[in-house]
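Okay, structure first, notes after.
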Amino acid sequence: MRRNWGRTALCALSALVLVPTPVAQAEPVATATKESSSVTPAERDELLGKGWQASGDRLWTTTGDSDGLRLLVAEAKTGYAWRTAATLSQPGVETDRWIGNACVTGSGQRAVVVYAPRTFTNSEELATRGGFTAVVDLNSGAVTKLPIRTSLAYFNPGCGTAETVALTQEGDIDLGRTGVTVLDAASGKLGKRTELATQVTSATPVDGGFVVADAIGVLRVGSDGAKRRIVQETGGVPRELRADADGGVVYIDRDGANDRVQRIAAAATTAQKPSTLATAPSGQVALARGVRGKVFITGTPSKVESLPGAVSRLDVPAHAEVSTTGEAAVTDVKTALPSLFERKKASDPIRIESKSLRSGKKLGFVVDPAAALTPRWDETVDPNRVCSVPRNDPHLQVYQPKPKQVEWAANMAISGHLDISRPRNWNNNGLDAYRPQDTSMFPRVGLTGGGQVPAQVLLGVLGQESNLWQADRRKLPGEFGNPLIGNYYGTAIYNADPADDWIIRWDKADCGYGVTQMTDGMRLPGKPKPDKPNDEPMTFHRQRAIGTDYAANVAAGLRLLEIKWNEMQASGMRINNNNPARIENWFFAVWAYNSGLHPRGEAGANGAWGVGWLNNPANPRYPSIRQRFGKDPKDYAKPQQWPYPEKVLGFAANPPSGYEAPGVEVPFFRAAWWGGANPTANRDASVPPLNQFCTTSNDCRWGQQIKPTAPEVADEPAGPCAHTNAAGQTDLKCWVHESSSWRLDCDKDCGHEFIRYDWDVPEYRAEPANGTSYPPRCTNVGLEDDAGIADDVTTATKPVSNPSCPIKANMAGASFSLDFGGKNGNDASGRIDLHQTGGGYGAHFWYGHTRSDNAEGRALAINATWKFGRIDGLATVKAHIPDHLANAVVDYYVDTAAGPKKVTIDQGAGTGFNRWVTLGTFHFFNEPTVRLGTIREGADGTKKVAFDAVAIEPFRGLHLAGSRIPVQIAQNNNNFCMVLKDNNPNNGAVVEARPCSTWGRDYWTLFKVGETPPNGNEPTVAVQIMDNVTEKCLEPVSRGLPGSGVHETTCDKNNKAQWWLVHRFDRTEPLGFEVLMNYESSLSMRLSVPSNPPGSAAVPVTLWKRAPGEEPTAPTFYWSFL
């Protein structure tokens, strides 16, 4: 009976993998976006439900073609943008379709896949224990192939609640036993194989071992091999065993014509009666796994009982593939099925039908699995980030404004007139239309007592916080790139140990964004900073606007500055005459903007409250002989010598210069002005005396040197702060909370704002024109028309800086990927040094910095790989070098038919313009690959290496009339062309013929070396035939020996064994032919192609005697020069 059961299962398996299961559709699925691989930003709230941006959900499925079994994934936070995480196949194994099974581990970060050619299902041995097995990292796409072959049955592999996976090797029919091995997917290590003397299915890890189903019921097998029956006398063989987070095992068995969903405790010591969770007509219910031990009941159960916490029911078909957290499900995958004699092609689109379980909406996607690269653009986004707006998302780049644009925004915002309308999806930021000071964004708060923030106070804050950068600090006005983010990776850059500067610490991330370095509320939901657990995140729309739009960022910063003023008013803390129109009177509010206001009664403050000691001018960390900040332009190079409020006033009084374009310096903004009897003296007196905020009210004793003794401040210098904590230790909590004045007639002598862009003047209301620094290359000049491209982003990633940039699409089968050094899971330190810019070819490139092969260089390593579809012939490889941010000497490696070739390029040699640089012409008999990394001996991290597009072109030879002709040498009566064996100039470099291709054009060059006397119809023009890559020439392998082959050796025009006689020195005329007769041996090249050869056949070229004048009867001797 057991034997018959196994054979039935094998037949069912064969049917399952060959015939797609039809799906009954109650209604047509509305595709989320026509021919789209994701839900468009505008539809995501509706189709995916509010809060999708913070979701950790991931859809996944598999589909096979002749290239491999493709594992496709899509994350909710990207709008379920589908990508190919990995394509699994085995070298040298040909098939029309790869098939397989997969499961996702408990973390949701890895999948374990069993895969094989379709024909393996025709063999009992291969189907039961012949499947190739691998672990795939779903974030990076890294594949770890395992040294074990396992079953292709539907139940294998079996993922548990954590990272362990049960792998089954069936052998009960021919070997009388079944093997189960538990894998640790995180490490890739296989445990000890356990053999069971029976047929078992659905092996699933549980704590301390695994469970399996057999003909009797459910069996638990301990790590020590001990077996314990926990369920017996089930209705038929249990199926779909799933371990849950509460220590249970959920499975399905039969009860007459019905299926039952049952649950039993995995730790049961004896056979127990299971609990019934649901019932359904046979075949109408199934179980799916989720992350962290979630189990989902799918299908249409007729009855559902009260379910335990780890089990839930989902309204999707029984066969649906449920996402990792159960927020969505794949309900059908449709591919273009090949005819009987046609392979399934990777270029065939895949239609994925899904359902969002958050909104209840049906979704439809169209995916090109070959174009969905790994990692594609959003896989350069850090998966574990805590800051809301990500770095290195090519779809989301930030515009760097000109200084005058920031000044305009500040001038408009302070009066509430920053009402410019940002259209929907402005600069591709994915937002609906908005105005920066709308009530839904950042309206003015207003000042207690009336008035408005002086323009130069706000601009001074912007200058001190960011130097007016909204994008990262390497961008000039007009460029696009990553947002400016304060310590995005939480690295320990503030301590004295440089060795830990590259360790990612997400809990320490600052998440300050843009020109105002807005920090509060800018972390992702559920990821507050440990020392700020109550920091509520802003809405997605506000976070995105702050991170991507300088005007919205200015509006948000103004709002916070107004709030700080009002906090000071409510606390009774006023400066001078408290007139908000005067610059100096904002000293307290600016102080609080930077370091906050400690409220009365703060825990551990021992009575202290107010603004903190760090920014107090009396703090001895700042030199007492300092002058007013900004009076000397060199002050901006050493800002650490002034407290924050003094720096803001310095920016307001003496703004520095910045770049508006390459080489064009302009003032940051217009300075504030001072009046009175002596404006210069009044400007110098704008900052308070050093002891202004050192009084008995805040336990400060000017002139004394008191050493801090509290442990957290023991390394601070001695100074006048005498405040002590409850333990009597001096703790630097000399916090200021009393009003203060140092200007007697502030209305007359204090600073005034200067408005450059006055709302009351209509021509100043419009936003100043955008900058134009380093425009992208939106042309294909420098490339041949038939060039193929592998760009650094997918064709589907639309340029942000120039949305209409007309460049070539990526070549079919081309891909680009990045790998990073310093890996610690997904937190690879190399990501820290990856940057993007909206310039170069097609308006995007990546860059990093070259470093030596040392600990730092390896930790920060970035390795880029460009890959093309298979090529048989010669090709010229070109790399695009951008006009800036590329000045390192680098080593490209090109993988050719003869092995890798190193090409050294100075990317900085042509700095100032975008250009294509030729890496060389090479033989290819493979999928050409170009590699470039950041490690280079002698490099110190100061030079930049760019990763832009790479192009590949069919080689074009040099034609010189009368002396040299580049040709493709083809057999006259078929489509075979003369080439090197495997296009490899090594290992004897023997010549053969293979089907002609465009990549073989100009493979050879004919050099005329002389003529012989006329001899009837025999050829008389002597030529050498040179390989255009190696510049070696053809000659017989064995001179004068019929049947000898032909190979290439060093050219020697005096070596008559290299002379070949032809009729005329020119390309072959239509219907014409040539012979290739060796001058020395009088033997001619011959090619005997069998009838109906395979498409990839290779036929040797040999030398034979040809009868004089022999023509129509010997077509195997005839060649054409194309």
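The values are calculated or read from the model by the stated rules, or taken from the named source; none is laboratory data. Model, not experiment: these values are computed from the prediction. Every residue, glycine as well, gets a Cβ built from its backbone with ideal geometry; the counts of neighbours run over all protein chains shown.
Quick notes on this one:
- Cross-chain or 6+ apart pairs with Cβ under 6 Å, segment 44-69 first and closer than 21 Å to THR133 by Cβ, then among the small types (Gly, Ala, Ser) and in a strand (DSSP E or B): THR62/ALA102; LEU69/GLY100
- Boolean, MET441 is out of contact with any Ser or Thr (no Cβ under 9 Å at 6 or more places or on another chain), in contact (Cβ under 8 Å) with a residue 12 or more places away in the chain, farther than 30 Å from ALA812 by Cβ and not in a loop (DSSP other than H, G, I, E, B): no
- Considering residues of segment 770-816 that are surrounded by fewer than 18 Cβ atoms within 10 Å (Cβ to Cβ) and among the β-branched types (Val, Ile, Thr) only, the residue modelled with the lowest pLDDT: THR795
- Answer residue from segment 639-692, given it is without any contact (Cβ under 8 Å) to a residue 60 or more places away in the chain, crowded, with 19+ Cβ neighbours inside 10 Å and part of a loop (DSSP other than H, G, I, E, B) and is farthest from the chain's Cα centre (by Cα) among those: ASN654
- Reported count of residues in segment 711-744, each being at positive phi and modelled with pLDDT under 95, is 0.
- Residue list for segment 358-371, restricted to those being modelled with pLDDT of 90 or more, assigned to a loop (DSSP other than H, G, I, E, B) and touching a Ser or Thr at 6+ places or on another chain (Cβ under 9 Å): ARG358
- Residues (assigned to a loop (DSSP other than H, G, I, E, B), of a type in the set (A, V, I, L, M), out of contact with any helix residue (DSSP H, G or I) (no Cβ under 7 Å at 6 or more places or on another chain) and surrounded by fewer than 22 Cβ atoms within 10 Å (Cβ to Cβ)) located in segment 181-224: ALA186, ALA197, ILE216
- Residue within segment 122-136 that is more than 25 Å from ALA288 (Cβ to Cβ), touching a residue at least 40 places away in the same chain (Cβ under 8 Å) and of a type in the set (S, T, N, Q) present: yes
- Within the set VAL515, VAL461, the sole residue that is crowded, with 20+ Cβ neighbours inside 10 Å, modelled with pLDDT of 95 or more, in contact with a Leu (Cβ under 7 Å, 6 or more places away or on another chain) and assigned to a loop (DSSP other than H, G, I, E, B) turns out to be VAL515.
- Residue match in segment 402-415 (condition: assigned by TED's automatic domain parsing to the domain that holds PHE754, out of contact with any Cys (no Cβ under 6 Å at 6 or more places or on another chain) and in a loop (DSSP other than H, G, I, E, B)): yes
- Looking only at residues of segment 336-357 that are within 28 Å of ALA288 (Cα to Cα) and surrounded by fewer than 19 Cβ atoms within 10 Å (Cβ to Cβ), we find that the one that is modelled with the highest pLDDT is ARG351.
- Residue in segment 722-729 that is closer than 20 Å to HIS598 by Cα, in the same structural domain as VAL406 (by TED's automatic domain parsing), in contact with a strand residue (DSSP E or B) (Cβ under 6 Å, 6 or more places away or on another chain) and of a type in the set (A, V, I, L, M) present: yes
- Pair list, Cβ under 9 Å, 6 or more apart: segment 319-345 residue farther than 22 Å from LYS77 by Cα and assigned to a loop (DSSP other than H, G, I, E, B), other residue modelled with pLDDT of 95 or more and aliphatic (A, V, I, L, M): HIS319/ALA286
- When each of ALA570, ALA603 is tested for being surrounded by fewer than 16 Cβ atoms within 10 Å (Cβ to Cβ), assigned by TED's automatic domain parsing to the domain that holds MET522, farther than 21 Å from GLY650 by Cβ and modelled with pLDDT under 95, the lone residue that passes is ALA603.
- Condition met for LEU167 (crowded, with 24+ Cβ neighbours inside 10 Å and not in a strand (DSSP E or B)): no
- Of the criteria (1) under 27 Å from THR876 (Cβ atoms); (2) touching a Gly at 6+ places or on another chain (Cβ under 7 Å); (3) not acidic (Asp, Glu), which one ALA1022 fails: (1)
- Yes/no for ALA727 being of a type in the set (A, V, I, L, M, F, W, C) and more than 23 Å from TRP642 (Cα to Cα): yes
- Assessment of segment 715-726 against the conditions (surrounded by 14 or more Cβ atoms within 10 Å (Cβ to Cβ) and within 45 Å of the chain's Cα centre (by Cα)) yields at least one matching residue.
- Selection status of THR234, loosely packed, with under 14 Cβ neighbours inside 10 Å, assigned to a loop (DSSP other than H, G, I, E, B) and of a type outside the set (Gly, Ala, Ser): no
- Applying a threshold of 8 Å to beta carbon distances and a minimum spacing of six or more residues, or different chains, the list of pairs starting in segment 525-553 at a residue that is free of Cβ contacts under 8 Å to residues at least 60 places away in the same chain and closer than 26 Å to TRP408 by Cα and ending at one that is of a type in the set (D, E, K, R) and crowded, with 18+ Cβ neighbours inside 10 Å is empty.
- Residue count for segment 621-638, restricted to those that are buried (at least 16 other Cβ atoms within 10 Å of the Cβ) and either over 28 Å from ILE755 (Cβ atoms) or out of contact with any Asp or Glu (no Cβ under 6 Å at 6 or more places or on another chain) (or both): 5
- Each residue in segment 985-1002 was checked for being more than 27 Å from ARG915 (Cβ to Cβ) and either of a type outside the set (Gly, Ala, Ser) or assigned to a helix (DSSP H, G or I) (or both), and 10 of them qualify.
- In the set HIS880, HIS849, only one residue is in a strand (DSSP E or B) and surrounded by fewer than 23 Cβ atoms within 10 Å (Cβ to Cβ); that residue is HIS849.
- Members of segment 809-844 found to be more than 17 Å from the chain's Cα centre (by Cα) and free of Cβ contacts under 8 Å to residues at least 40 places away in the same chain, listed by number: ALA809
Let's see how each residue does on (1) of a type in the set (A, V, I, L, M, F, W, C); (2) out of contact with any Lys or Arg (no Cβ under 7 Å at 6 or more places or on another chain); (3) not in a strand (DSSP E or B):
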site: ARG242; (1), (2), (3): no, no, no
site: VAL250; (1), (2), (3): yes, no, no
site: GLN262; (1), (2), (3): no, yes, no
site: ALA271; (1), (2), (3): yes, no, yes
site: ALA278; (1), (2), (3): yes, no, no
site: LEU287; (1), (2), (3): yes, no, no
site: PHE296; (1), (2), (3): yes, yes, no
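- Of all residues in segment 91-147, those that are at pLDDT 85 or above and part of a loop (DSSP other than H, G, I, E, B) total 7.
- For PRO708: the one exception among (1) in contact with an Asp or Glu (Cβ under 7 Å, 6 or more places away or on another chain); (2) modelled with pLDDT of 95 or more; (3) under 30 Å from LEU885 (Cβ atoms): (3)
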